[in-house]
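Novice: This is the structure, below, for whatever I ask next.
A short reminder: the numbers here are calculations on the coordinates, not readings from a lab. The model shown is predicted, which means the values in this text are computed figures rather than measured ones. Glycine gets a Cβ as well: all are built from the backbone with ideal geometry, and neighbour counts include every protein chain shown.
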Amino acid sequence: MSHALFDKVYVEKRASKDTVTGRILERLGDPEREYIDHYKDVFDAKDAYAGRSLILAHNPGKRIYEGAPVCQSFGNKHFYYSPCVMNCIYDCEYCFLKGMYPGKNICIFTDIEETFAELEKIEKKHDAYVCASYNTDLVALEDVAGYVEKWCEKTAADERLTTEIRTKCSRTDIYEKLPVSERLIFAFTVSPDEIAKGYEKGTPNAAGRLKAVKAAAAAGFPVRLCFDPMIYVRNWREIYTEMVRRASEELRPVNVRDISIGTFRISDQYLKNMRKKYPDSQIAQYPYIIDKGYGRYPDKVADAMEDYMKELLDSFFKDVPVFCWR
Amino acid sequence: MIPGAFYSKCIPGALENEMILTEAMKNNLRQICIYAHTAGIDLEIMRQDLEKKGTLPARDKESSKKALTEIYDYVACSF
């Protein structure tokens, strides 16, 4: 594989001898790289470099965080997320990563075994439900990082762990090669094609994502559908109806574990950052109400959209448990 | 694009002049207008509709608050 995904490759000196680092560099065809002292020297750089670099580094801080209140816990008492990779290959206009990270650079923390060690300390007290792909799309990066396989192996071997890997990727080839566990849930964000085309640059269309759902299910993994975030646009009823109808047809033989729904919401601080960066973005510039530190649609809009979606799911995905973010 | 300059231009003068606005209300209205611009909503048509209804012009703070709520509903909640 070439490293055409990335303009430059940087390696933190302390990560240079890691097995994971060596494997990633090999997968990228042993590219030229620059050695740096700290990933933030590149990741947080203020000079507006428009390209995308890959940074291989160690995680200097916390590796397992408690899940945010606006994120779904699916009824799990001990809900966490783990940013083993920072930033995403896709370019979704509404993504909180746009408010959180300064640029397009992707940082892979090569000391993932330390993440698993931190997780095991938590598991001494109780079981854990971990979302491993919140700050990135691990499936889309699998050929580079190989972390979907790592999390699958870890989850299959660790009975106290349930893992969710969320993705928009349409790859169908990887699932049959991965170790299967009923505690490793692949969660597919499915959007209407109008939303994908308009606001999710670089992502596959709904048809592609639905094929990936079928592939994951055929390989034996539990699958979750995420109709989240729902975006308020002029013809939202039509496009979401069509999306759900089509998903139910395509997935008729598939045993969907559960479905997650929710209208768009984002931390107030990230929203401020996004509005500065994207003055012409319809999504960033919507006049959200600010409620307990989060921007969200007013009740009138959120209720209408979420209630509508629940009715659709009651028709098209009867008997599948539905979780709403609020 | 300089964010400050962009934001300061976004309330159409005709709209601002028809209400009594505090700074907080101006900020809210500004955000509504920026969104309307990105979503292709014609603020002049909206202003004329609100004039026909009698919502505008709003001559005091109380009726301006009500007008602002109606403007918000018109722009942000009517799809």
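Novice: Ignore the peptide's own chain and count Cβ atoms of other chains within 10 Å of each Cβ in A:79-89; give me the average, rounded. Working shown, then result.
Specialist: Values: counts 0, 0, 0, 0, 0, 0, 0, 0, 0, 0, 0.
The per-residue average across the peptide is 0.
Novice: Going by the alpha-carbon gyration tensor, a ≥ b ≥ c the square roots of its eigenvalues, is segment B:3-76 rounded (a/c under 1.5) or, if a/c is not under 1.5, prolate (a/b greater than b/c) versus oblate?
Specialist: Oblate is the answer for segment B:3-76, as a/c is 1.5 or above yet b/c matches or exceeds a/b.
Novice: Can you tell me the length gained on complete extension of the stretch A:Asp303 to A:Ala207, counting 0.36 nm per residue apart and subtracting the Cα distance?
Specialist: 31.8 nm
Novice: Need the list of aspartates and glutamates near B:Lys61 for cross-linking: C-alpha distance under 16 angstrom, and skip anything on the same chain fewer than eight residues off.
Specialist: B:Glu16, B:Glu18, B:Glu23, B:Glu70
Novice: Something else about it: What does the extension gain come out to for A:Glu182 and A:Glu159, with contour length at 0.36 nm per residue minus their alpha carbon separation?
Specialist: Details: separation 23, 0.36 × 23 = 8.28 nm, distance 1.02 nm.
Using 0.36 nm per residue and subtracting the Cα-Cα distance, I get 7.3 nm.
Novice: Per DSSP helix of 4 or more residues, -39500 (n - 2.57); summed, then divided by the residues of the protein assembly as shown. What does that give at 222 nm, rounded to the nearest 500? Walk me through the numbers before you get to the answer.
Specialist: On the way: 17 runs with 165 residues, N = 405.
After summing the helix terms and dividing by residue count, I get -12000 deg cm²/dmol.
Novice: Over all directions, the average projected area of the alpha-carbon convex hull for the protein assembly as shown comes to how many nm²?
Specialist: 21.1 nm²
Novice: Another question, then. Top mean-square fluctuation among B:Arg30, B:Arg59, B:Arg47, Gaussian network model of chain B, C-alpha springs under 10 Å?
Specialist: B:Arg59
Novice: What is the gain in length, in nm to one decimal, between A:Lys214 and A:Asp314 on full extension, counting 0.36 nm per residue of separation less the C-alpha to C-alpha distance?
Specialist: Roughly 33.9 nm would be gained on extension.
Novice: Something else: Can you give the FRET efficiency to the nearest 0.05 for A:Arg245 and A:Asp7, using r as the Cβ-Cβ distance and R₀ = 56 Å?
Specialist: E between A:Arg245 and A:Asp7, to the nearest 0.05, is 0.85.
Novice: Ok, one more. Lysines near A:Lys276 by alpha-carbon distance under 22 Å, same-chain residues fewer than 8 away left out - which ones?
Specialist: Leaving aside lysines fewer than 8 places away in the same chain, those within reach of A:Lys276 are A:Lys40, A:Lys46, A:Lys98, A:Lys104, A:Lys201, A:Lys292, B:Lys9, B:Lys26.
Novice: Within segment A:214-253, which residues have the backbone N less than 17 Å from the label spot 7 Å out from B:Asp49 along Cα→beta-carbon, could you tell me?
Specialist: A:233-236
Novice: Further, regarding this structure: May I ask you to list, by number, the DSSP H helices of chain A whose Cα span along the axis is at least 20 Å and whose average Kyte-Doolittle hydropathy reaches 1.0 or more?
Specialist: Details: long enough: A:236-250 (21 Å, -1.25); A:299-316 (25 Å, -0.49).
Span-like helices, by this rule, are absent here.
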